[in-house]
Amino acid sequence: MLKPPGPPLPKRCVLTGHSRGLGAAMLEPLFKAGFEVLGISRHTLDQTGGAKPPTHPDNKLMEIALDLSTAHAVEAWLNTGEMAHFLQNSSQAVLINNAGRIAPIAPAGQQCASEIALSVALNISAPLMLSDAFIAATGQCDNRRIMHISSGAGRSAYPGWSIYCASKAALDHHARAVASEKTPRLLISSVAPGIIDTDMQAEIRSTDAYLFPMRQKFNELKKQGLLVPPVEAASTLIEHLLGDSFGKQPCEDIRNC
């Protein structure tokens with residue numbers, strides 16, 4: 001007799017910066033798409049007062065409180081094997097490198113070494129370390145995808161944002177290089193999500209114009225209602241991530257997809 005087929009393998013997503021802003025907004029579309037989510041942030045949803053995931057018996061969220069701006073802490077956590085264990089036996093595995101910071105906002109020469117180090121660790125080291133571990137852990141998965149949340153700042157230079165611009169450009173080029181390796185069953189893309197109405201935008205608008213000469217442009221975008229709500233941006237990004245066109249280009253702008 002033929003054995004009856006077992007239950008379908010789960011779909012799993014590792015999401016950084018899940019406790020607020022765009023990351024928190026991504027939870028609902030991921031759950032709707034049937035994913036179990038491992039959220040990694042410095043604080044859990046309870047600690048930040050972030051938006052709770054929608055209540056549904058099938059929603060599965062595991063949270064890890066981890067400071068992704070501390071490279072040795074990220075390395076130590078990866079060495080526990082917790083992420084690899086979470087991703088085992090998945091029908092689809094996804095990594096979304098969303099966590100990031102915009103500071104320091106200042107001209108070169110006025111940026112502070114410790115601020116630069118934090119941004120490089122969070123915006124570059126952590127996503128690259130997680131990507132490497134994700135690829136190693138999902139070798140048997142038939143459908144695995146990595147999405148870096150990039151920015152137009154990675155493709156256009158902004159005065160006062162040299163560290164942020166450089167860090168997003170690093171993610172873009174990482175995606176290009178990994179895509180060129182043609183790893184089996186792996187899709188990767190660094191996606192600019194548009195200008196989203198998050199705490200990061202509030203930080204930009206509160207910065208002294210001397211440190212960020214283009215501040216007025218972002219003030220006007222807010223006044224004119226041209227910032228995209230996080231829920232809308234999250235839905236568009238997840239739809240693209242799970243769609244057939246994802247990974248055809250290693251660097252994309254969601255507004256052109």
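Here are some notes:
- Residue list for segment 167-213, filter: more than 17 Å from the chain's Cα centre (by Cα), without any contact (Cβ under 8 Å) to a residue 60 or more places away in the chain and closer than 18 Å to Arg101 by Cα: Ala202, Arg205, Ser206, Asp208
- Verdict on Leu118 being at pLDDT 95 or above, assigned to a helix (DSSP H, G or I), in contact with a Ser or Thr (Cβ under 9 Å, 6 or more places away or on another chain) and of a type in the set (A, V, I, L, M, F, W, C): yes
- Segment 135-149 residues that are modelled with pLDDT of 95 or more, paired with ones that are among the basic types (Lys, Arg) and crowded, with 22+ Cβ neighbours inside 10 Å (beta carbon under 8 Å, 6 or more apart): Ile135/Arg144; Thr138/Arg144
- Of all the numbered requirements in (1) at pLDDT 85 or above; (2) surrounded by fewer than 14 Cβ atoms within 10 Å (Cβ to Cβ), His240 misses one, and that requirement is (2).
- His85 meets all of the listed conditions (1) modelled with pLDDT under 95; (2) in a helix (DSSP H, G or I); (3) within 28 Å of Leu187 (Cβ to Cβ) but one, namely (1).
- Hey, Phe246 touching a His at 6+ places or on another chain (Cβ under 9 Å) and of a type in the set (Phe, Trp, Tyr) or not: yes
- Residues in segment 67-82 that are part of a loop (DSSP other than H, G, I, E, B) and surrounded by 12 or more Cβ atoms within 10 Å (Cβ to Cβ): Asp67, Leu68, Ser69, Thr70, Gly81.
- Any hit, segment 144-151, residues being buried (at least 19 other Cβ atoms within 10 Å of the Cβ), more than 13 Å from the chain's Cα centre (by Cα) and under 22 Å from Gly81 (Cβ atoms): yes
- Within the option set Leu61, Leu45, being of a type in the set (A, V, I, L, M), over 22 Å from Leu241 (Cα atoms), at pLDDT below 95 and in contact with an Asp or Glu (Cβ under 9 Å, 6 or more places away or on another chain) holds for one residue only, Leu45.
- Segment 214-257, residues that are of a type in the set (Gly, Ala, Ser), within 29 Å of Cys13 (Cβ to Cβ) and free of Cβ contacts under 8 Å to residues at least 12 places away in the same chain: Gly243
- Search result, residues across segment 223-235 that are within 17 Å of the chain's Cα centre (by Cα) and farther than 18 Å from Met200 by Cβ: Ser235
The values are calculated or read from the model by the stated rules, or taken from the named source; none is laboratory data. All values derive from a computational prediction rather than experimental measurement. Reconstructed Cβ throughout: ideal geometry from the backbone, glycine too, with neighbour counts over all protein chains shown.
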